[in-house]
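Notes for the one structure printed next.
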Amino acid sequence: MAAGGLGRGRGLLLVCLLVCWAAFPAAAPAQDQGPVYTYTLDNGMRILVRPDDRAPVVSSMVWYRVGSSYEPSGITGISHTLEHMMFKGTQAHPAGAFSRIISELGGRENAFTGRDYTAYYQQLASEHLGKALELEADRMQHLSLPEEAFRREMQVIREERRLRTEDDPNALTWEHFRATAWFNSPYGQPVIGWMSDIEAYTVKDLRDWYARWYTPSNALLVVAGDVDPDAVQRMAQEYFGGIPSRTVPEVKPREEPPQRGERRITVQAPARVPYLAMGYKAPALPTAAEPWEAYALLVAAGILDGGDSARIPRELVRGRELAASAGAGYSPFSRLDTLFTLWATPAPGEDLQAVEAALTGMVARLRESPPTPQELERVKAQVIAEDVYRRDSIHGQAMRIGLLESIGLSWREGEAFTERVQAVTAEQVQAVARKYLLPSRRTVAWLEPGALESGGGHETADDAEGGVR
């Protein structure tokens with residue numbers, strides 16, 4: 001699964017681009033003739049198309065601007081549950097038909113839920129794009145949500161939560177860590193939801209959530225691959241243009257109160273080894289005081305953990321041999337403020353206190369002095385390489401466009417990504433470390449191993465940042 005989602009292996013789609021322009025009402029014209037062509041249908045649905053004719057394939061994605069951060073207490077995880085139920089059929093295409101049709105066409109499909117979005121995608125031969133759009137338009141407006149299928153799927157989701165979180169001590173630590181870090185932000189609640197909420201869902205809860213958010217004005221269609229943009233617009237008009245749009249509810253702000261000192265928890269769970277999770281509150285790209293701050297934080301994470309020559313693997317793992325594994329991470333791409341995180345598993349014979357002190361010292365070094373020119377050059381070279389690799393993937397291009405647009409940014413931010421990272425200076429890295437990577441903004445979680453239970457004690461954590469499925 002992509003982007004942190006929990007996925008089901010599914011299929012792909014096929015149909016022709018042979019649609020007569022005159023047969024459909026006009027949509028708003030493309031906004032530009034740049035690398036991404038954008039259209040807006042009369043019902044408010046936006047279409048974004050990136051042509052790429054290197055291979056006769058296409059990646060088609062429908063993104064809904066709703067995820068776990070939109071959910072109130074009592075129904076946490078319902079976006080993820082609805083994602084599961086979107087594969088349970090409509091009157092025209094009963095349960096299993098969607099996946100079967102895509103598979104028969106030689107394609108594959110899946111879906112994922114994140115904090116800020118829910119997305120459904122198909123990868124297939126470009127000649128069959130129309131079939132993919134037909135199927136997506138059908139389940140956008142005609143989802144069946146039968147009671148019996150709902151009850152069966154809830155058993156699957158409860159088991160999924162047990163397997164991926166409750167039986168995985170590191171994942172459980174991350175979940176408690178986030179709930180401690182955020183008092184009011186919805187990022188403190190798990191994407192899959194709390195078990196007590198999952199057990200209390202009703203079909204009506206799902207129908208209400210579906211009716212509230214699954215509407216054309218809250219959806220993006222992103223298509224990348226061997227297609228003609230205007231032909232995609234005509235097909236989108238054919239399949240989605242007649243779907244009535246509903247008013248999307250206003251999302252009330254859930255502003256996080258200022259943190260007034262370090263927060264610390266201990267998680268006790270069956271495990272083989274202890275584990276440390278640490279995070280500092282930091283802005284994301286949409287919330288940063290200046291855009292460069294988000295890119296400087298991204299570079300700071302690369303200084304600490306961007307390959308074998310970065311500071312954490314070089315000094316903490318191989319050098320001092322304090323940690324068996326350790327790392328750091330930060331993503332600027334979220335709708336709300338986020339976390340700059342670090343984590344570690346102590347080496348045999350070492351303890352969490354020593355590992356925490358070492359990681360804290362590395363963060364302090366970022367505040368005290370700027371990174372060296374060699375470190376900046378290394379991180380920036382990696383960013384360029386990763387960006388080139390992403391652009392080489394048709395699906396990766398569609399993913400980047402949908403992600404940015406879903407969190408309130410423009411696809412153009414992706415085009416400028418390499419340039420903005422290249423512009424980050426050593427002084428800016430030090431500046432954001434001094435501003436955001438402070439002890440008073442930190443939350444720390446320790447996992448203290450207890451007795452192993454049968455089947456428990458996984459040694460790796462699924463951070464699940466961005467989604468679960």
Rounded FRET efficiency, nearest 0.05, which uses the C-beta distance separating GLU159 from ALA451 and R0 of 30 Å: 0.80
Dipole magnitude of the chain, debye to nearest 20 (Cβ charges: Lys/Arg +1, Asp/Glu -1, about Cα centre): 540 debye
P(r), alpha carbons of the chain - 10 Å bins starting at zero, rounded %: 4, 19, 28, 26, 16, 6, 1, 0
Rg to Rh, two decimals, where segment 350-441 supplies the alpha carbon set and Rh follows Kirkwood: 1.08
Dipole axis of segment 359-431 (+1 Lys, Arg; -1 Asp, Glu on Cβ), positive-most option in SER393, ALA423, SER369: SER369
Relative packing of peptides 298-305, 90-97 - highest average C-beta neighbours within 10 Å first: 298-305, 90-97
Where labels lie 7 Å past Cα in the beta-carbon direction, separation of THR247 and VAL388 in nm: 5.2 nm
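Using a Förster distance of 41 Å, how high is the FRET efficiency between ASP308 and ASP53, based on the Cβ-Cβ distance and rounded to 0.05?
That pair, ASP308 with ASP53, gives E of 0.65.
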Nearest 10 degrees, 0 to 90: helix 373-392 Cα axis against the chain principal axis: 20 degrees
Sequence-distant residues sharing a close amide H with ARG108 (under 5 Å, placed H): LEU12, LEU13, GLN123
Peptides ranked, highest mean first, by Cβ atoms within 10 Å: ranges 213-222, 414-423, 102-111, 246-255: 213-222, 102-111, 414-423, 246-255
Cα-based helix-to-principal-axis angle, 147-161 vs the chain, degrees rounded to 10: 20 degrees
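Tell me, what is the percent relative contact order of segment 115-250, built from C-alpha pairs under 8 Å that lie six or more residues apart?
Computed value for segment 115-250: 32 percent relative contact order.
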Positive-end residue, segment 305-389 charge dipole about Cα centroid, Cβ charges, pick of GLY327, VAL379, THR341: VAL379
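Can you tell me the relative contact order of the chain? Whole percent, Cα pairs under 8 Å, sequence separation 6 or more.
Relative contact order of the chain: 24 percent.
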Centre separation in Å (Cα based) which lies between segment 234-277 and segment 92-161: 22 Å
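So for segment 161-307, what are the equivalent ellipsoid semi-axes in whole Å, largest first, each being the square root of 5 times an eigenvalue of the Cα gyration tensor?
Taking √(5λ) for each eigenvalue gives 36, 24, 18 Å, largest first.
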Proximal lysines relative to LYS281, as straight alpha-carbon distance under 22 Å, when same-chain residues fewer than 8 apart are discounted: LYS252, LYS435
Amide H within-cut-off set for GLY77, under 5 Å, with H built and near neighbours excluded: GLY193
Degrees separating the helix 169-181 axis from the principal Cα axis of the chain, which is the longest one: 90 degrees
Surface per residue (accessible, 1.4 Å probe) for the chain, Å²: 40 Å²
Value of Rg to Rh for segment 295-422 (Rh from inverse mean 1/r over Cα pairs, i.e. Kirkwood): 1.02
Backbone HN-Hα couplings from phi across segment 216-232 [Karplus 6.51/-1.76/1.60, Hz, Gly and Pro as x]: x, 5, 10, 10, 10, 9, 10, 10, 10, x, 7, 9, 9, x, 5, 5, 5
Paramagnetic label zone (point 7 Å from Cα along Cα-to-C-beta, ALA289; backbone N under 17 Å) in segment 399-431: 425, 427-431
Set of lysines with alpha-carbon distance to LYS88 below 24 Å, sequence-local pairs under 8 removed: LYS131, LYS204
Accessible carbon and sulfur surface of the chain relative to its total accessible area, %, 1.4 Å: 51 percent
Percent of C-alpha pairs per 10 Å bin, segment 170-221, short to long: 20, 35, 33, 12
³J(HN,Hα), Karplus 6.51/-1.76/1.60, whole Hz, each residue of segment 91-102, x for Gly, Pro: 5, 6, 10, x, 3, x, 5, 4, 5, 5, 4, 4
For segment 350-359, 3J(HN,Hα) per residue [Karplus equation, 6.51 cos²θ - 1.76 cosθ + 1.60, θ = phi - 60°, Hz, x = Gly/Pro]: 9, 10, 5, 4, 5, 5, 4, 4, 5, 5
Computed [θ] at 222 nm, helices only, for the chain once each DSSP H run of length n ≥ 4 contributes -39500 (n - 2.57): -11000 deg cm²/dmol
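The values are calculated or read from the model by the stated rules, or taken from the named source; none is laboratory data. Here the structure is a predicted model, which means the values were calculated and not measured. FYI the Cβ positions are ideal-geometry reconstructions off the backbone, even for glycines, and counts take in every protein chain you see. All accessible areas refer to the heavy atoms of the entire protein, side chains included, with ligands and DNA or RNA removed. Shrake-Rupley method; radii C 1.70, N 1.55, O 1.52, S 1.80 Å.
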